[in-house]
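A short write-up of the structure that comes next.
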């Protein structure tokens, strides 16, 4: 289970080049745009790079990672955060526990993407954001056979009951934002791309 899980050098996750490539502050701002959020769950938090960015916006932050070795690193960067070992398929939280759930470059590693969205819909009050590598060859990131095509993501969104989402194309990644208000979903199947 979780064979694609990151198992490299944790410090590599915070290299200057990688942090710049991921546009952390821009991603955080887009995720928070147009909403009122008090807490966030960062699924696959790794070294806590994104949860640290969200914490700078006065949010209560929680991070989970399947890899127990990541948690001390995340705590060292975000001591006020709460960090737990868990998988994306089995979030150990009550329904509607978090205003925002964020998946930062981890969704391509999950074993059961359909289950991940089911669980996310249960635990999210307002929004789910998914940052992923685009479906194209790049000199960094996972190999093409581990990347998710926009068509596959749309299929997963529909299976989970979402009918509207937005895709923001960034320099090196794609950010999908899905609102989850009470199946909060509007009555049109639309993908908005910025």
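Readers should treat all values here as calculations from the given coordinates under stated rules, not as data from a laboratory. From a predicted model like this one, the values you see are computed outputs, not experimental measurements. Please note: Cβ atoms are built from the backbone with ideal geometry, for glycine as well, and neighbour counts cover all protein chains shown.
Scanning the stretch 66-84 for residues that are outside any loop (DSSP other than H, G, I, E, B) and touching a helix residue (DSSP H, G or I) at 6+ places or on another chain (Cβ under 6 Å) yields a count of 3. Within the stretch 19-35, if we keep just the residues that are touching a residue at least 60 places away in the same chain (Cβ under 8 Å) and not in a helix (DSSP H, G or I), the residue that is surrounded by the fewest Cβ atoms within 10 Å (Cβ to Cβ) turns out to be 35.
Hey, among 87, 114, which residue is assigned to a loop (DSSP other than H, G, I, E, B) and within 15 Å of the chain's Cα centre (by Cα)?
Of 87, 114, the one residue that is assigned to a loop (DSSP other than H, G, I, E, B) and within 15 Å of the chain's Cα centre (by Cα) is 87.
I need the full set of residues from the stretch 153-165 which are more than 14 Å from residue 124 (Cβ to Cβ) and either over 14 Å from the mean Cα position of the chain (by Cα) or surrounded by fewer than 16 Cβ atoms within 10 Å (Cβ to Cβ) (or both), in order please.
If the condition is that a residue be more than 14 Å from residue 124 (Cβ to Cβ) and either over 14 Å from the mean Cα position of the chain (by Cα) or surrounded by fewer than 16 Cβ atoms within 10 Å (Cβ to Cβ) (or both), then 154, 155, 156, 158, 159, 163, 164 are the ones that fit.
Considering only the stretch 5-13, I want to know if a residue exists there that is part of a loop (DSSP other than H, G, I, E, B), in contact (Cβ under 8 Å) with a residue 24 or more places away in the chain and surrounded by fewer than 18 Cβ atoms within 10 Å (Cβ to Cβ). If you could, list the steps in order and put the result at the bottom.
Within the stretch 5-13, the first condition is being part of a loop (DSSP other than H, G, I, E, B), and the residues that meet it are 5-9.
Filter once more, so that each one left must be in contact (Cβ under 8 Å) with a residue 24 or more places away in the chain: 5-7.
Okay, now just the ones that are also surrounded by fewer than 18 Cβ atoms within 10 Å (Cβ to Cβ), so 5, 7.
Yes, that holds for at least one residue.
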